[in-house]
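The values are calculated or read from the model by the stated rules, or taken from the named source; none is laboratory data. Predicted model, so just to flag it, every value in this text is computed and none were measured. Here the Cβ is made from the backbone with ideal geometry for all residues, glycine too, and neighbour counts use every protein chain on show. Calculation scope for accessible area: heavy atoms of the full protein, side chains included, ligands and nucleic acids excluded. Shrake-Rupley method; radii C 1.70, N 1.55, O 1.52, S 1.80 Å.
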Amino acid sequence: AAGVIQSPRHLIKEKRETATLKCYPIPRHDTVYWYQQGPGQDPQFLISFYEKMQSDKGSIPDRFSAQQFSDYHSELNMSSLELGDSALYFCASSQYWTGQTYAKNIQYFGAGTRLSVL
Amino acid sequence: AQSVTQLGSHVSVSEGALVLLRCNYSSSVPPYLFWYVQYPNQGLQLLLKYTTGATLVKGINGFEAEFKKSETSFHLTKPSAHMSDAAEYFCAVSNTDKLIFGTGTRLQVFP
């Protein structure tokens, strides 16, 4: 079965540079979530989109922005990178209504993008 | 506000022994509860979930968890540990969009 695809898998940037992370949800999934997992930490929710509209917002810095496109893929844009932004960034997707049940809370995760800021 | 507490950041068991990973939650409304597993340098894999209905939930790889509302718990168990079970396990709660994760429990399995 198709899974959530994230690219790139690894990214190395310097301080003050910008980075763009991409996420391709499971086919027919309409909701995308972004999480940040620092070293030895639990994943922290950043932001989510449902049907191309922002649906919830967590602890996402103002330097970060995200959007969901018409094909449901999402991009997380990160500017003025700081050393503390080094983390594993996960994207997850879910399907609001499967045709039989509401399933928006059942999230499937991608393998993540490991961002290292030097 | 919702929260999750995982008791024990590290759990060590012998191969073949019972695995018990503890999770307690706090939620003002009936929660959705999840266990995810994370192998080194990999993403989060859904082990099992509780939404409604039967309180004993079976997941992949022989794991199961029981939702106990009176104890606000959702402990994860497996009767017999395997070496391949060594990983980080996260309990999570949700009743809206986002998942709120616990701090994780690293399971070590010794031969």
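Scanning segment B:46-64 for residues that are without any contact (Cβ under 8 Å) to a residue 12 or more places away in the chain and within 13 Å of chain A (Cβ to nearest Cβ), which turns out surrounded by the fewest Cβ atoms within 10 Å (Cβ to Cβ)?
As a first pass, look at segment B:46-64 and keep what is without any contact (Cβ under 8 Å) to a residue 12 or more places away in the chain: B:53-54, B:56-58.
If we keep only those that are within 13 Å of chain A (Cβ to nearest Cβ) as well, we get B:53, B:57.
Details: B:53: 7, B:57: 21.
Here the residue is B:53.
Here are some residues: A:9, A:16, A:28. Which one is touching a residue at least 12 places away in the same chain (Cβ under 8 Å), closer than 17 Å to residue B:41 by Cα and among the charged types (D, E, K, R)?
Values: A:16 fails: closer than 17 Å to residue B:41 by Cα; A:28 fails: closer than 17 Å to residue B:41 by Cα.
The match here is A:9.
Of all residues in segment B:22-53, those satisfying the criterion of being closer than 18 Å to residue B:9 by Cα and of a type in the set (S, T, N, Q) are B:24, B:38.
Could you tell me which residue of segment B:98-111 is farthest from residue B:43 (Cα to Cα), considering only residues that are open to solvent by 20 Å² or more (accessible area, probe 1.4 Å) and assigned to a loop (DSSP other than H, G, I, E, B)?
Kept after step one, since they are open to solvent by 20 Å² or more (accessible area, probe 1.4 Å), are these residues of segment B:98-111: B:98, B:100, B:103, B:106, B:108, B:110-111.
Next, from what is left, pick out any that are assigned to a loop (DSSP other than H, G, I, E, B): B:98, B:103, B:111.
Values: B:98: 17, B:103: 16, B:111: 26 Å.
Across segment B:98-111, the extreme among qualifying residues is B:111.
I'd like the residue in segment B:68-83 that is modelled with pLDDT under 95 and more than 17 Å from residue B:7 (Cα to Cα) and, out of all such residues, is least open to solvent (accessible area, probe 1.4 Å). Within segment B:68-83, the match that is least open to solvent (accessible area, probe 1.4 Å) is B:70.
Counting only residues that are under 15 Å from the mean Cα position of the chain (by Cα), facing chain A (nearest Cβ under 8 Å) and not polar (S, T, N, Q), how many does segment B:72-101 have? Let's see the steps before the verdict.
The initial filter retains those residues of segment B:72-101 that are under 15 Å from the mean Cα position of the chain (by Cα), namely B:72-79, B:81, B:85-94, B:99-101.
Next cut, facing chain A (nearest Cβ under 8 Å) only: B:90, B:94, B:99-101.
With the extra rule that they be not polar (S, T, N, Q), the set shrinks to B:90, B:99-101.
The number of residues fulfilling the criteria is 4.
Which of the residues that make up segment A:2-17 are more than 13 Å from the chain's Cα centre (by Cα), hydrophobic (A, V, I, L, M, F, W, C) and either at pLDDT 95 or above or farther than 19 Å from residue A:96 by Cβ (or both)? Listed by number, the residues that qualify are A:11, A:12.
Report the residue count in segment A:13-46 for those that are more than 23 Å from residue B:88 (Cβ to Cβ) and open to solvent by less than 10 Å² (accessible area, probe 1.4 Å). Qualifying residue count, segment A:13-46: 3. All conditions in (1) modelled with pLDDT of 95 or more; (2) assigned to a loop (DSSP other than H, G, I, E, B); (3) among the hydroxyl-bearing types (Ser, Thr, Tyr) hold for residue A:20, with the sole exception of (2).
Taken over segment A:23-79, the residue count meeting the criterion of being in a loop (DSSP other than H, G, I, E, B), within 11 Å of chain B (Cβ to nearest Cβ) and in contact with a Lys or Arg (Cβ under 8 Å, 6 or more places away or on another chain) is 1.
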